[in-house]
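The values are calculated or read from the model by the stated rules, or taken from the named source; none is laboratory data. Every value quoted in this text rests on a predicted model; they were computed, and no experiment measured them. Here the Cβ is made from the backbone with ideal geometry for all residues, glycine too, and neighbour counts use every protein chain on show. Accessible surface areas use protein heavy atoms only, side chains included; no ligands, DNA or RNA. Shrake-Rupley method; radii C 1.70, N 1.55, O 1.52, S 1.80 Å.
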Amino acid sequence: MIRVPARTAAGAGRGGGVFGPFAKRSHGPRPRGAAAALAAALAVGAALVLAGCESPSILRAEGSAGNEIVTLAIWIFAILAVVLFTVWVLLVFVIVRGRRRPESEASQTKGNLGIEIVWTAIPAVIVTVLFILTVYTTEQIALPDPGAQFTAVGRQWWWDFQFKELGFKAPNEVYVARGRTTSIDVESADVIHSFWVPQMGGKVDMIPGHVNHIHFVPLTDGTYLGQCSEFCGAQHGRMRFLFVVVPPKEYAAWVKHQQQPAAQPAGADAVAGQKVIASVGCGSCHAIRGTGLKGNFGPDLTHFGSRGGIAAYTLRNTPENLLRWIQDPQGVKPECNMPNVPLLPQQQKELVAYLEELK
Ligand code: CUA
(Lines give C-alpha, C1' and ligand atoms only; values in the text may rest on other atoms or scores of the structure.)
Protein backbone atom coordinates (compact mmCIF):
# COMPACT_ATOMS: atom_id res chain seq x y z
CA MET A 1 0.00 0.00 0.00
CA ILE A 2 1.27 3.48 -0.66
CA ARG A 3 0.63 6.30 1.71
CA VAL A 4 -0.90 9.35 0.10
CA PRO A 5 -1.07 12.26 2.50
CA ALA A 6 -4.05 13.77 0.73
CA ARG A 7 -3.65 17.47 1.30
CA THR A 8 -0.19 18.04 2.60
CA ALA A 9 2.34 20.35 1.12
CA ALA A 10 4.59 17.41 0.33
CA GLY A 11 5.68 17.66 -3.23
CA ALA A 12 4.94 21.35 -3.35
CA GLY A 13 8.52 22.40 -3.69
CA ARG A 14 10.98 21.65 -6.42
CA GLY A 15 11.58 17.96 -6.71
CA GLY A 16 8.59 17.29 -4.39
CA GLY A 17 9.20 13.72 -3.27
CA VAL A 18 8.85 10.44 -5.05
CA PHE A 19 5.87 11.49 -7.15
CA GLY A 20 7.00 14.96 -8.04
CA PRO A 21 10.44 14.27 -9.39
CA PHE A 22 11.11 17.55 -11.08
CA ALA A 23 14.23 18.63 -9.34
CA LYS A 24 15.66 21.46 -11.34
CA ARG A 25 19.44 21.49 -11.29
CA SER A 26 20.72 23.85 -8.69
CA HIS A 27 22.82 26.70 -10.03
CA GLY A 28 24.22 27.61 -6.61
CA PRO A 29 27.75 26.85 -5.38
CA ARG A 30 28.44 23.13 -5.37
CA PRO A 31 29.98 21.14 -2.54
CA ARG A 32 33.31 19.61 -3.54
CA GLY A 33 35.28 16.40 -3.20
CA ALA A 34 34.52 14.19 -0.22
CA ALA A 35 31.63 16.40 0.90
CA ALA A 36 30.01 16.09 -2.53
CA ALA A 37 30.50 12.32 -2.53
CA LEU A 38 28.99 12.05 0.95
CA ALA A 39 26.06 14.25 -0.05
CA ALA A 40 25.48 12.14 -3.16
CA ALA A 41 25.64 8.91 -1.13
CA LEU A 42 23.17 10.28 1.41
CA ALA A 43 20.84 11.43 -1.38
CA VAL A 44 20.94 8.02 -3.05
CA GLY A 45 20.36 6.33 0.33
CA ALA A 46 17.42 8.58 1.10
CA ALA A 47 15.95 7.98 -2.36
CA LEU A 48 16.22 4.22 -1.87
CA VAL A 49 14.57 4.40 1.55
CA LEU A 50 11.78 6.54 0.13
CA ALA A 51 11.37 4.23 -2.84
CA GLY A 52 11.20 1.28 -0.45
CA CYS A 53 8.39 2.99 1.43
CA GLU A 54 6.32 4.03 -1.50
CA SER A 55 7.06 1.78 -4.45
CA PRO A 56 4.39 -0.79 -5.09
CA SER A 57 5.86 -4.28 -4.94
CA ILE A 58 4.26 -7.23 -6.67
CA LEU A 59 5.46 -9.29 -3.71
CA ARG A 60 3.16 -7.35 -1.37
CA ALA A 61 0.05 -8.56 -3.14
CA GLU A 62 -3.37 -7.42 -1.91
CA GLY A 63 -5.54 -8.88 -4.66
CA SER A 64 -6.73 -12.36 -5.60
CA ALA A 65 -4.66 -12.66 -8.77
CA GLY A 66 -1.66 -11.07 -7.08
CA ASN A 67 -1.74 -13.60 -4.24
CA GLU A 68 -1.78 -16.54 -6.65
CA ILE A 69 1.04 -15.06 -8.71
CA VAL A 70 3.20 -14.42 -5.63
CA THR A 71 2.62 -17.99 -4.41
CA LEU A 72 3.66 -19.31 -7.82
CA ALA A 73 6.70 -17.04 -7.87
CA ILE A 74 7.81 -18.31 -4.45
CA TRP A 75 7.42 -21.96 -5.52
CA ILE A 76 9.36 -21.39 -8.73
CA PHE A 77 12.05 -19.48 -6.86
CA ALA A 78 12.35 -22.28 -4.27
CA ILE A 79 12.60 -25.03 -6.89
CA LEU A 80 15.16 -23.13 -8.93
CA ALA A 81 17.11 -22.32 -5.76
CA VAL A 82 17.35 -26.06 -5.01
CA VAL A 83 18.57 -26.68 -8.58
CA LEU A 84 21.12 -23.88 -8.33
CA PHE A 85 22.34 -25.05 -4.91
CA THR A 86 22.69 -28.65 -6.11
CA VAL A 87 24.68 -27.58 -9.17
CA TRP A 88 26.99 -25.43 -7.02
CA VAL A 89 27.60 -28.26 -4.54
CA LEU A 90 28.39 -30.71 -7.33
CA LEU A 91 30.61 -28.17 -9.05
CA VAL A 92 32.62 -27.47 -5.88
CA PHE A 93 32.85 -31.20 -5.20
CA VAL A 94 34.20 -31.92 -8.69
CA ILE A 95 36.69 -29.02 -8.56
CA VAL A 96 38.04 -30.05 -5.14
CA ARG A 97 38.29 -33.69 -6.09
CA GLY A 98 39.84 -32.87 -9.47
CA ARG A 99 42.57 -30.72 -7.88
CA ARG A 100 43.53 -33.60 -5.56
CA ARG A 101 44.16 -35.78 -8.61
CA PRO A 102 45.81 -33.36 -11.06
CA GLU A 103 47.34 -36.04 -13.25
CA SER A 104 44.40 -38.33 -13.83
CA GLU A 105 42.20 -37.92 -16.86
CA ALA A 106 38.48 -37.31 -16.23
CA SER A 107 36.41 -40.46 -16.52
CA GLN A 108 34.43 -40.62 -19.80
CA THR A 109 30.65 -41.20 -19.64
CA LYS A 110 29.80 -41.19 -23.36
CA GLY A 111 27.43 -44.03 -24.17
CA ASN A 112 26.42 -44.59 -20.53
CA LEU A 113 22.68 -45.12 -20.97
CA GLY A 114 21.88 -44.91 -17.25
CA ILE A 115 23.43 -41.46 -16.86
CA GLU A 116 21.86 -40.22 -20.15
CA ILE A 117 18.42 -41.24 -18.90
CA VAL A 118 18.91 -39.62 -15.47
CA TRP A 119 20.02 -36.26 -16.76
CA THR A 120 17.26 -36.15 -19.32
CA ALA A 121 14.64 -37.24 -16.79
CA ILE A 122 15.58 -34.73 -14.03
CA PRO A 123 15.10 -31.56 -16.16
CA ALA A 124 11.95 -33.10 -17.71
CA VAL A 125 10.48 -33.62 -14.23
CA ILE A 126 11.43 -30.08 -13.13
CA VAL A 127 9.90 -28.49 -16.23
CA THR A 128 6.74 -30.63 -15.84
CA VAL A 129 6.33 -29.54 -12.21
CA LEU A 130 6.75 -25.86 -13.19
CA PHE A 131 4.22 -26.36 -15.99
CA ILE A 132 1.64 -27.92 -13.67
CA LEU A 133 2.08 -25.17 -11.06
CA THR A 134 1.66 -22.49 -13.73
CA VAL A 135 -1.49 -24.05 -15.21
CA TYR A 136 -2.91 -24.50 -11.71
CA THR A 137 -2.27 -20.81 -10.93
CA THR A 138 -3.87 -19.73 -14.20
CA GLU A 139 -6.96 -21.74 -13.28
CA GLN A 140 -7.08 -20.21 -9.80
CA ILE A 141 -6.92 -16.68 -11.25
CA ALA A 142 -9.75 -17.35 -13.71
CA LEU A 143 -12.69 -16.38 -11.48
CA PRO A 144 -16.26 -16.18 -12.72
CA ASP A 145 -16.62 -12.77 -14.37
CA PRO A 146 -19.62 -10.61 -13.42
CA GLY A 147 -19.13 -8.36 -16.49
CA ALA A 148 -17.26 -5.07 -16.70
CA GLN A 149 -18.19 -2.38 -14.17
CA PHE A 150 -16.21 0.29 -15.98
CA THR A 151 -13.92 0.90 -18.91
CA ALA A 152 -10.33 2.03 -18.48
CA VAL A 153 -9.16 4.02 -21.50
CA GLY A 154 -5.43 4.65 -21.81
CA ARG A 155 -4.42 8.02 -23.24
CA GLN A 156 -1.13 9.83 -23.65
CA TRP A 157 -0.55 10.17 -20.69
CA TRP A 158 -3.44 9.63 -18.33
CA TRP A 159 -6.24 7.23 -17.49
CA ASP A 160 -9.90 7.74 -18.29
CA PHE A 161 -12.02 5.52 -16.07
CA GLN A 162 -15.47 5.63 -17.63
CA PHE A 163 -18.52 4.48 -15.69
CA LYS A 164 -20.82 4.70 -18.69
CA GLU A 165 -23.93 3.15 -17.14
CA LEU A 166 -23.54 5.18 -13.96
CA GLY A 167 -23.00 8.38 -15.93
CA PHE A 168 -19.63 9.67 -14.77
CA LYS A 169 -15.90 9.57 -15.45
CA ALA A 170 -13.23 9.31 -12.78
CA PRO A 171 -9.91 10.14 -14.46
CA ASN A 172 -6.71 8.93 -12.85
CA GLU A 173 -8.31 7.85 -9.57
CA VAL A 174 -10.75 4.99 -9.29
CA TYR A 175 -12.46 3.39 -6.30
CA VAL A 176 -13.46 -0.28 -6.10
CA ALA A 177 -15.23 -2.39 -3.49
CA ARG A 178 -13.09 -4.68 -1.33
CA GLY A 179 -13.96 -8.38 -1.53
CA ARG A 180 -15.96 -8.07 -4.75
CA THR A 181 -14.77 -9.04 -8.21
CA THR A 182 -13.54 -5.91 -9.96
CA SER A 183 -14.12 -6.35 -13.67
CA ILE A 184 -12.62 -3.89 -16.14
CA ASP A 185 -12.75 -3.47 -19.91
CA VAL A 186 -9.57 -1.81 -21.15
CA GLU A 187 -8.95 0.02 -24.40
CA SER A 188 -6.82 2.83 -25.77
CA ALA A 189 -7.52 6.14 -27.47
CA ASP A 190 -4.12 6.48 -29.13
CA VAL A 191 -1.16 4.08 -28.74
CA ILE A 192 -0.67 0.81 -26.87
CA HIS A 193 -0.63 1.21 -23.09
CA SER A 194 -0.87 -1.44 -20.39
CA PHE A 195 -3.15 -1.47 -17.36
CA TRP A 196 -1.26 -2.53 -14.24
CA VAL A 197 -1.83 -2.24 -10.52
CA PRO A 198 1.22 -4.17 -9.27
CA GLN A 199 -0.25 -5.16 -5.91
CA MET A 200 -3.48 -6.45 -7.45
CA GLY A 201 -1.55 -8.71 -9.83
CA GLY A 202 -1.79 -9.24 -13.54
CA LYS A 203 -1.59 -6.68 -16.30
CA VAL A 204 -3.29 -6.32 -19.63
CA ASP A 205 -2.44 -4.42 -22.80
CA MET A 206 -4.65 -1.51 -23.83
CA ILE A 207 -4.85 -1.65 -27.61
CA PRO A 208 -6.42 0.92 -29.93
CA GLY A 209 -9.54 -0.49 -31.60
CA HIS A 210 -9.65 -3.59 -29.43
CA VAL A 211 -11.27 -4.19 -26.05
CA ASN A 212 -9.30 -6.28 -23.59
CA HIS A 213 -10.44 -7.38 -20.17
CA ILE A 214 -9.13 -8.00 -16.67
CA HIS A 215 -10.82 -9.02 -13.44
CA PHE A 216 -9.70 -9.86 -9.91
CA VAL A 217 -10.81 -9.46 -6.30
CA PRO A 218 -9.17 -6.67 -4.27
CA LEU A 219 -8.67 -8.10 -0.78
CA THR A 220 -7.35 -5.30 1.43
CA ASP A 221 -8.48 -1.70 1.87
CA GLY A 222 -5.90 0.82 0.78
CA THR A 223 -4.65 3.19 -1.87
CA TYR A 224 -2.51 1.47 -4.48
CA LEU A 225 -0.46 2.91 -7.26
CA GLY A 226 -1.26 1.96 -10.85
CA GLN A 227 1.32 2.43 -13.57
CA CYS A 228 1.29 2.14 -17.33
CA SER A 229 3.42 -0.85 -18.15
CA GLU A 230 3.92 -0.55 -21.89
CA PHE A 231 6.22 2.13 -23.27
CA CYS A 232 3.90 4.72 -24.82
CA GLY A 233 5.95 7.84 -25.40
CA ALA A 234 7.78 10.62 -23.62
CA GLN A 235 5.70 10.56 -20.43
CA HIS A 236 5.13 6.81 -20.11
CA GLY A 237 6.83 6.89 -16.70
CA ARG A 238 4.42 9.57 -15.48
CA MET A 239 1.31 7.72 -16.53
CA ARG A 240 0.10 6.69 -13.11
CA PHE A 241 -3.19 6.41 -11.28
CA LEU A 242 -4.58 5.69 -7.85
CA PHE A 243 -6.52 2.50 -7.30
CA VAL A 244 -8.46 2.86 -4.07
CA VAL A 245 -9.93 -0.22 -2.38
CA VAL A 246 -12.67 0.54 0.16
CA PRO A 247 -15.46 -1.38 1.92
CA PRO A 248 -18.56 -1.87 -0.29
CA LYS A 249 -20.56 0.77 1.59
CA GLU A 250 -17.88 3.37 1.04
CA TYR A 251 -17.70 2.40 -2.62
CA ALA A 252 -21.45 3.00 -2.99
CA ALA A 253 -21.01 6.41 -1.35
CA TRP A 254 -18.15 7.23 -3.73
CA VAL A 255 -20.29 6.31 -6.75
CA LYS A 256 -23.12 8.47 -5.47
CA HIS A 257 -20.75 11.38 -4.96
CA GLN A 258 -19.18 10.99 -8.42
CA GLN A 259 -22.63 11.07 -9.99
CA GLN A 260 -23.32 14.51 -8.53
CA PRO A 261 -22.68 17.49 -10.81
CA ALA A 262 -19.91 19.92 -9.86
CA ALA A 263 -20.27 21.88 -6.63
CA GLN A 264 -21.07 25.56 -6.89
CA PRO A 265 -18.09 27.66 -5.86
CA ALA A 266 -18.38 29.52 -2.55
CA GLY A 267 -15.22 31.59 -2.02
CA ALA A 268 -14.79 34.90 -3.89
CA ASP A 269 -11.71 33.68 -5.77
CA ALA A 270 -13.44 30.42 -6.68
CA VAL A 271 -16.51 32.26 -8.01
CA ALA A 272 -14.22 34.38 -10.16
CA GLY A 273 -12.32 31.24 -11.17
CA GLN A 274 -15.48 29.67 -12.54
CA LYS A 275 -15.83 32.64 -14.90
CA VAL A 276 -12.15 32.41 -15.87
CA ILE A 277 -12.37 28.74 -16.78
CA ALA A 278 -15.45 29.38 -18.92
CA SER A 279 -13.75 32.22 -20.78
CA VAL A 280 -10.22 30.98 -21.55
CA GLY A 281 -11.03 27.87 -23.56
CA CYS A 282 -10.49 25.04 -21.01
CA GLY A 283 -13.86 23.66 -22.14
CA SER A 284 -12.49 22.61 -25.51
CA CYS A 285 -10.68 19.76 -23.74
CA HIS A 286 -12.17 19.46 -20.25
CA ALA A 287 -15.68 18.76 -19.00
CA ILE A 288 -17.17 19.88 -15.70
CA ARG A 289 -20.64 18.39 -15.33
CA GLY A 290 -23.26 20.95 -14.41
CA THR A 291 -21.39 23.77 -16.19
CA GLY A 292 -20.96 24.66 -19.84
CA LEU A 293 -17.64 22.81 -20.07
CA LYS A 294 -18.12 19.69 -22.16
CA GLY A 295 -14.71 18.87 -23.64
CA ASN A 296 -13.88 15.24 -24.19
CA PHE A 297 -10.17 15.25 -24.91
CA GLY A 298 -8.72 15.89 -21.45
CA PRO A 299 -9.67 14.62 -18.00
CA ASP A 300 -13.15 15.37 -16.65
CA LEU A 301 -12.68 17.89 -13.83
CA THR A 302 -16.10 17.59 -12.15
CA HIS A 303 -14.63 16.35 -8.86
CA PHE A 304 -11.03 17.43 -9.41
CA GLY A 305 -10.60 18.77 -5.87
CA SER A 306 -11.33 15.38 -4.35
CA ARG A 307 -8.49 13.64 -6.18
CA GLY A 308 -5.06 12.91 -4.76
CA GLY A 309 -3.00 13.77 -7.82
CA ILE A 310 -2.54 16.11 -10.77
CA ALA A 311 -1.65 15.09 -14.34
CA ALA A 312 -1.91 11.31 -13.84
CA TYR A 313 -0.26 11.57 -10.44
CA THR A 314 2.73 13.49 -11.71
CA LEU A 315 2.21 15.83 -8.76
CA ARG A 316 0.25 15.57 -5.55
CA ASN A 317 -2.90 17.64 -5.58
CA THR A 318 -2.08 20.73 -3.55
CA PRO A 319 -2.91 24.35 -4.42
CA GLU A 320 0.82 25.08 -4.83
CA ASN A 321 1.30 22.18 -7.24
CA LEU A 322 -1.87 23.02 -9.16
CA LEU A 323 -0.62 26.57 -9.63
CA ARG A 324 2.69 25.23 -10.89
CA TRP A 325 0.86 22.91 -13.29
CA ILE A 326 -1.44 25.64 -14.64
CA GLN A 327 1.48 28.02 -15.10
CA ASP A 328 3.70 25.59 -16.97
CA PRO A 329 2.28 22.17 -17.92
CA GLN A 330 4.92 21.75 -20.61
CA GLY A 331 7.65 22.36 -18.04
CA VAL A 332 6.18 19.91 -15.53
CA LYS A 333 5.27 17.21 -18.06
CA PRO A 334 6.97 17.88 -21.40
CA GLU A 335 5.08 16.86 -24.55
CA CYS A 336 1.78 16.33 -22.73
CA ASN A 337 -1.34 17.53 -24.50
CA MET A 338 -2.04 20.36 -22.06
CA PRO A 339 -0.80 23.60 -23.62
CA ASN A 340 0.68 26.49 -21.68
CA VAL A 341 -2.27 28.90 -21.56
CA PRO A 342 -1.27 32.54 -21.06
CA LEU A 343 -3.14 33.75 -17.96
CA LEU A 344 -2.71 36.68 -15.61
CA PRO A 345 -1.42 35.80 -12.12
CA GLN A 346 -4.79 36.80 -10.63
CA GLN A 347 -6.60 34.49 -13.09
CA GLN A 348 -4.27 31.62 -12.19
CA LYS A 349 -4.99 32.15 -8.50
CA GLU A 350 -8.75 32.20 -9.12
CA LEU A 351 -8.58 29.11 -11.30
CA VAL A 352 -6.73 27.20 -8.58
CA ALA A 353 -9.32 28.29 -5.98
CA TYR A 354 -12.18 27.13 -8.20
CA LEU A 355 -10.69 23.76 -9.15
CA GLU A 356 -9.74 22.93 -5.57
CA GLU A 357 -13.33 23.60 -4.51
CA LEU A 358 -14.59 20.95 -6.96
CA LYS A 359 -14.67 18.26 -4.29
CU1 CUA B 1 0.89 4.54 -21.34
CU2 CUA B 1 3.06 3.69 -21.09
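Annotations
- Using the 1.4 Å probe convention, the accessible area of the range 251-349 works out to 45 Å² per residue with neighbouring protein chains retained.
- q = 0.17, 0.21 Å⁻¹: log10 I(q)/I(0) that the Debye formula gives for the range 242-359, counting C-alpha atoms only: -0.86, -1.29
- Cut-off under 5 Å, modelled amide H: who pairs with residue 175 long-range: 244
- Unsatisfied cross-links (Cα-Cα over 20 Å) in the set 169/294; 256/349; 169/333: 256/349; 169/333
- Taking amide hydrogens as placed 1.01 Å from N in the peptide plane, the amide H of residue 226 sits under 5 Å from those of 241, 242, 243, each at least 5 positions away in sequence or on another chain.
- Stretching the chain fully between residue 55 and residue 76 yields a gain of 5.2 nm (0.36 nm per residue, less the alpha carbon separation).
- Reference-scaled alpha-carbon Rg (2.2 N^0.38 Å with N residues) for the range 309-359: 1.07
- Normalised by 2.2 N^0.38 Å, where N is the number of residues, the alpha-carbon radius of gyration of the range 91-155 equals 2.32.
- Model label zone, residue 335; criterion: amide N under 15 Å from point 7 Å along Cα-to-beta-carbon; scope the range 191-222: 191-193
- Cut-off under 5 Å, modelled amide H: who pairs with residue 194 long-range: 206, 229, 230
- Pairs of alpha carbons in the range 140-230 whose separation is greater than 16 Å (percent): 52
- Rough spin-label spacing in nm, given labels placed 7 Å along Cα→Cβ, for residue 165 and residue 264: 3.4
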